[in-house]
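Asker: Please see the structure below; I have some questions.
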Amino acid sequence: MAMDKVIQKRSRPWWQWLLGLLAAGALLWFIYQTVADASIKTTSVPASQLIISSVQMGTLEDVISVRGTVQPLNSVFLDAVNGGVVEQIFVQEGAFVEAGQPLLQLSNTTLRLSVATNDTAITEQLNNLTNISNGLEMTKLSTEREIINIEYQISTLERQLRRQQQLVNERMISQEDFDSIVDQLEYQKRLLVNSKARQALEDRIREDRLQRIAQQMDKLEDNLTLAQSSFEGLLVRAPISGQLTSLPVQIGESKINGQRLGQIDVVNQYKIAAQIDEFYVSRVAPGQSARFTLAGASYSVVIDRVYPEITNGLFTTDLIFDMDVPDNLRRGQTLQLELILGSPQETLLLPVGSFVQETGGNWVFVLDASGQNAYRRNISVGRRNNRFIEVREGLSAGDRVITSGYGSIANAERVQLSQ
């Protein structure tokens, strides 16, 4: 009986194993991509609602567009130095006035009485100081008269002494009478020395007192002038020549101390106050120039002052004319300026869009090769003007970027462009 033959199972060829591994790898990659793709936060937006711009090399003109308002170069505010009731108005708002011209009259009974009282008190103090000064002068004259009298006595005694010297030698007068004259002469000389010492002391005291009295009288005179000027301040005058652009007062209206009464602007001298985005605060400095067009003519201005305060994302600058001033310029007029920040430079450019408000230029949505999806990408930007932003990192020439607003897609990582 024939025996069965054992047939050995043949192993698979190596290429079948390789195909199986490739198929398994492809399946695992497909599953991974499907899971990873599903985990990306995606928003679908119609392509017609988006603005797509291309990144390109170009020349960035370092110019920004700013809006400015024409203001007077110099203005003077009128404030009520002393309060009162408006009694009379001499000019109307908008009129041209000269320096020193009366504008309005205030009345203040309390101030009038106060000035009169102070005037009386100061005048009395001045009279007292004058009397003290006169008294010191009288003392000086009295001391001088006393010294003159003593010197006269000495002169008289010296003559007597010379005449009686011979008589006493001839024993025609007694020695006692002669010694009496000698004693009187010595007494008068000592009295003269004492009087002159007192005179020197009085002179020093008088000079010091008179100096202090003069200082006190000057202060009192200043106080008197101040009191009178405070009363005269009720008549408000124009401090400079110009246009009275504001005078919001009515007859009978009461004004308190320090309250604003009006404003005078210097005519034919203007500046432009422009507000600029805080993004440029480190790049704006005095001396930079700007240009604008008015009635078909071009004009140039320069930054005179940069104010450090930032309000609502804006800071203010003052620009002044460095050449001709337009004849048709008016206070409050709005001008569109081009502020020059630097020289043009070749660089990578991205068109400006509404996306800057949402991202600050820190990231953008970049389309892939298919143009059907856009992915979020961090970038670094530099200078900008009203048309382009300088791209320093994160993008290359030819990249397509969504530059419209990101309001509805700001929280997404991928944007699908639907038809």
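Asker: So in the range 257-274, with the set limited to residues that are of a type in the set (Val, Ile, Thr) and modelled with pLDDT under 85, which one is farthest from the chain's Cα centre (by Cα)? Please lay out each step first, then the result.
Answerer: Looking only at the range 257-274, we keep the residues that are of a type in the set (Val, Ile, Thr), and these are 264, 266-267, 272.
Those still in the list that are modelled with pLDDT under 85 too: 266-267.
Values: Val266: 20, Val267: 23 Å.
Here the residue is Val267.
Asker: Any idea how many residues of the range 196-245 are among the hydroxyl-bearing types (Ser, Thr, Tyr) and crowded, with 17+ Cβ neighbours inside 10 Å? Talk me through it step by step, then tell me what you get.
Answerer: Of all residues in the range 196-245, those among the hydroxyl-bearing types (Ser, Thr, Tyr) come to 225, 229-230, 241, 245.
If we keep only those that are crowded, with 17+ Cβ neighbours inside 10 Å as well, we get 245.
Matching residues across the range 196-245 total 1.
Asker: Also, I was wondering about something else. Among the residues of the range 364-387, is any touching a helix residue (DSSP H, G or I) at 6+ places or on another chain (Cβ under 8 Å), in contact (Cβ under 8 Å) with a residue 12 or more places away in the chain and within 30 Å of Val267 (Cα to Cα)?
Answerer: No, because not a single residue in the range 364-387 is touching a helix residue (DSSP H, G or I) at 6+ places or on another chain (Cβ under 8 Å), in contact (Cβ under 8 Å) with a residue 12 or more places away in the chain and within 30 Å of Val267 (Cα to Cα).
Asker: So which strands (runs of 3 or more DSSP E) are wholly in the range 319-419 and hold at least 2 residues that are within 27 Å of Pro286 (Cβ to Cβ)? Spell out how you get there, then give the answer.
Answerer: Numbers: elements: 334-340, 345-351, 363-367, 373-378, 380-384, 388-393, 400-402, 414-418.
So the answer is 334-340, 345-351, 380-384, 388-393.
Asker: Sticking with this structure for a sec: Hey, among Val55, Val70, Val63, which residue is at pLDDT 70 or above, within 30 Å of Ala238 (Cα to Cα) and in contact with a strand residue (DSSP E or B) (Cβ under 6 Å, 6 or more places away or on another chain)? Walk me through how you get there before you give the answer.
Answerer: Working: Val55 fails: within 30 Å of Ala238 (Cα to Cα); Val63 fails: within 30 Å of Ala238 (Cα to Cα).
After applying the criteria, what remains is Val70.
Asker: Regarding Asp277, is this residue at pLDDT 85 or above and not small (Gly, Ala, Ser)? Write out each step before concluding.
Answerer: Numbers: at pLDDT 85 or above: yes; not small (Gly, Ala, Ser): yes.
Considered against the rule, which asks whether it is at pLDDT 85 or above and not small (Gly, Ala, Ser), Asp277 comes out as yes.
Conditions (1) surrounded by 12 or more Cβ atoms within 10 Å (Cβ to Cβ); (2) polar (S, T, N, Q); (3) over 29 Å from the mean Cα position of the chain (by Cα), marked per residue:
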residue	(1), (2), (3)
Thr316	yes, yes, no
Pro326	yes, no, no
Gly332	no, no, no
Ile379	yes, no, yes
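Asker: Still on this structure, I have one more. As an exercise: evaluate Ser396 against (1) under 17 Å from Ile52 (Cα atoms); (2) surrounded by fewer than 17 Cβ atoms within 10 Å (Cβ to Cβ); (3) in contact with a Lys or Arg (Cβ under 9 Å, 6 or more places away or on another chain) and give the number of the one condition it does not meet.
Answerer: (3)
Asker: Conditions: (1) touching a Ser or Thr at 6+ places or on another chain (Cβ under 9 Å); (2) over 19 Å from Thr59 (Cβ atoms). Leu348 meets all but one. Number of the miss?
Answerer: (2)
Asker: Scanning the range 157-187 for residues that are of a type in the set (Ser, Thr, Tyr) and loosely packed, with under 14 Cβ neighbours inside 10 Å, which turns out modelled with the highest pLDDT? Full working, then the answer.
Answerer: Filtering the range 157-187 down to residues of a type in the set (Ser, Thr, Tyr) leaves 174, 180, 187.
Of the ones still in play, those that are also loosely packed, with under 14 Cβ neighbours inside 10 Å are 174, 180.
Details: Ser174: 73, Ser180: 83.
Residue satisfying both the conditions and the ranking: Ser180.
Asker: Going by the structure shown, is Arg283 part of a loop (DSSP other than H, G, I, E, B), closer than 28 Å to Leu314 by Cα and not polar (S, T, N, Q)?
Answerer: yes
Asker: Something else: Against the conditions (1) small (Gly, Ala, Ser); (2) surrounded by 14 or more Cβ atoms within 10 Å (Cβ to Cβ); (3) within 30 Å of Gly83 (Cβ to Cβ), where does Ala274 fall short? Just the number, please.
Answerer: It fails just one condition, (3).
Asker: Determine whether Ala238 is hydrophobic (A, V, I, L, M, F, W, C) and under 28 Å from Val86 (Cα atoms). Don't jump to the end; show me each part of the working.
Answerer: Details: hydrophobic (A, V, I, L, M, F, W, C): yes; under 28 Å from Val86 (Cα atoms): yes.
It is true that Ala238 is hydrophobic (A, V, I, L, M, F, W, C) and under 28 Å from Val86 (Cα atoms).
The values are calculated or read from the model by the stated rules, or taken from the named source; none is laboratory data. In this text the structure is predicted, and so the values were computed from the model without any measurement. Backbone-built Cβ (ideal geometry, glycine too); neighbour counts: all protein chains shown.
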